[in-house]
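Below: one structure, written as structure tokens.
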Amino acid sequence: MSFSGPSVGSGRTARAAFEFGRTYVVRPKGKHQATVVWLHGLGDNGSSWSQLLETLPLPNIKWICPTSPTQPISLFGGFPTTAWFDVGELSEDAPDDFDGLDASATHVANLLSTEPADIKLGVGGFSMGAATALYSAISYVQGKYENGNPYPANLSAVVGLSGWLPCSKVLPKRMEGAVEAATRAESLPILLCHGKVDDVVLHKFGEKSSRSLNSVGFRDVTFKSYERLGHFTVPEEMDVVCSWLSSKLGLDGS
């Protein structure tokens, strides 16, 4: 995937309503026990990940793979591409586009809201999709989005591959004195994986995200590094995702 584009003007004008693209669903091959929304990276779509997720040995999971809106991206000088939110750089040092993050996290929660009550719910993603999944985790523990609207879904697992944590700068203040949020943060399992030779979202940002989550009370955060992994995924990494999800979601494998 190319991460460069022609410069088309600068900055962005008033934001249009978000129009999300097509959603791809991978049905469970066994007994349906969990539903996970999986979010693609910048410039990608839900189809490519649905094809990969379909091959995983997780018969009890239903995967929902939405496609983000196409919008002008500051990183590309305003050139439009599929993205969950606007971004000037792919790191947790970038200013946060809370409008975009809220819209995407709301879309994710809406996709989960129609699942049966006894089904465990999760969210995961790659790169910018991982950032959106982590933002969903923050919204879940705080019980609301940045815009104050209540967060409706009850998350049981969050996975972020090659991503970063948005809103890390304001998070400590947000979590101060929030007893209910602290209780949720303590028990929400999060898996972060990152390649050491990632030249798109640097490994140090993945590491930093893990530390940021720990520092505000997330107690069940697993961070895995991969020596020769760049900004993509490999079977070894997906094996870890499979065993971690099976364990954290209590899947029986049949």
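Scan the range 107-129 for residues that are of a type outside the set (A, V, I, L, M, F, W, C) and surrounded by fewer than 19 Cβ atoms within 10 Å (Cβ to Cβ) and jot them down.
So in the range 107-129, the residues of a type outside the set (A, V, I, L, M, F, W, C) come out as 107, 110, 113-116, 118, 120, 122, 124-125, 127, 129.
Selection gives 110, 113, 114, 115, 116, 118.
With the checklist (1) open to solvent by less than 30 Å² (accessible area, probe 1.4 Å); (2) assigned to a loop (DSSP other than H, G, I, E, B); (3) closer than 22 Å to residue 198 by Cβ in hand, flag the one item residue 93 doesn't pass.
(1)
Residue under question is residue 241, and the condition is that it be under 22 Å from residue 35 (Cβ atoms) and open to solvent by less than 30 Å² (accessible area, probe 1.4 Å); does it hold?
Numbers: under 22 Å from residue 35 (Cβ atoms): yes; open to solvent by less than 30 Å² (accessible area, probe 1.4 Å): yes.
In short, yes.
Could you tell me which numbered condition residue 253 fails, if it satisfies all but one of (1) of a type outside the set (A, V, I, L, M); (2) over 14 Å from residue 140 (Cβ atoms); (3) at pLDDT 95 or above?
Only one criterion is unmet by residue 253, namely (3).
Run residue 87 past the list (1) in contact with a Lys or Arg (Cβ under 6 Å, 6 or more places away or on another chain); (2) in a loop (DSSP other than H, G, I, E, B) and report the number of the one that doesn't hold.
Against the list (1) in contact with a Lys or Arg (Cβ under 6 Å, 6 or more places away or on another chain); (2) in a loop (DSSP other than H, G, I, E, B), residue 87 comes up short only on (1).
Residue check: is residue 104 within 17 Å of the chain's Cα centre (by Cα) and closer than 23 Å to residue 141 by Cα?
Working: within 17 Å of the chain's Cα centre (by Cα): yes; closer than 23 Å to residue 141 by Cα: yes.
Spelling it out, residue 104 is indeed within 17 Å of the chain's Cα centre (by Cα) and closer than 23 Å to residue 141 by Cα.
Here is a yes/no grid of residues against (1) in contact with a Leu (Cβ under 8 Å, 6 or more places away or on another chain); (2) modelled with pLDDT of 95 or more; (3) charged (D, E, K, R):
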residue	(1), (2), (3)
107	no, yes, no
125	yes, yes, no
141	yes, yes, no
163	yes, yes, no
175	no, no, no
181	no, no, no
187	no, yes, no
193	yes, yes, no
197	yes, yes, no
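Do the conditions hold for residue 168, that is, is it part of a strand (DSSP E or B), among the small types (Gly, Ala, Ser) and farther than 25 Å from residue 118 by Cα? If you could, list the steps in order and put the result at the bottom.
Values: part of a strand (DSSP E or B): no; among the small types (Gly, Ala, Ser): yes; farther than 25 Å from residue 118 by Cα: yes.
It is false that residue 168 is part of a strand (DSSP E or B), among the small types (Gly, Ala, Ser) and farther than 25 Å from residue 118 by Cα.
Any idea which residue in the range 203-219 is nearest to residue 230 (Cα to Cα), counting only those that are open to solvent by less than 60 Å² (accessible area, probe 1.4 Å) and free of Cβ contacts under 8 Å to residues at least 24 places away in the same chain?
First, pick out the residues of the range 203-219 that are open to solvent by less than 60 Å² (accessible area, probe 1.4 Å): 203, 205-206, 209-210, 212-213, 216-218.
Now drop any that are not free of Cβ contacts under 8 Å to residues at least 24 places away in the same chain, which leaves 203, 210.
Working: 203: 9, 210: 19 Å.
Checking each candidate, the answer is 203.
Checking residue 197 against (1) open to solvent by less than 10 Å² (accessible area, probe 1.4 Å); (2) in a loop (DSSP other than H, G, I, E, B), which test does it fail?
(1)
Testing residue 164 on (1) open to solvent by 70 Å² or more (accessible area, probe 1.4 Å); (2) touching a helix residue (DSSP H, G or I) at 6+ places or on another chain (Cβ under 6 Å), one condition comes back false. Which one is that?
Unmet condition: (1).
Restricting attention to the range 22-49, which residues are hydroxyl-bearing (Ser, Thr, Tyr) and surrounded by fewer than 20 Cβ atoms within 10 Å (Cβ to Cβ)? Steps first, please.
Filtering the range 22-49 down to residues hydroxyl-bearing (Ser, Thr, Tyr) leaves 23-24, 35, 47-48.
Residues satisfying the conditions are 23, 47, 48.
Within the group 132, 183, which residue is in a helix (DSSP H, G or I) and surrounded by fewer than 20 Cβ atoms within 10 Å (Cβ to Cβ)? Spell out the reasoning first.
On the way: 132 fails: surrounded by fewer than 20 Cβ atoms within 10 Å (Cβ to Cβ).
Answer to the check: 183.
The values are calculated or read from the model by the stated rules, or taken from the named source; none is laboratory data. It should be emphasised that the depicted structure is a prediction, and the values quoted were computed from it without experimental measurement. Neighbour counts run over all protein chains shown; Cβ positions are idealised from the backbone, glycine included. Just so you know, the surface numbers come from the protein's heavy atoms only, side chains and all, with ligands and any DNA or RNA stripped out. Shrake-Rupley method; radii C 1.70, N 1.55, O 1.52, S 1.80 Å.
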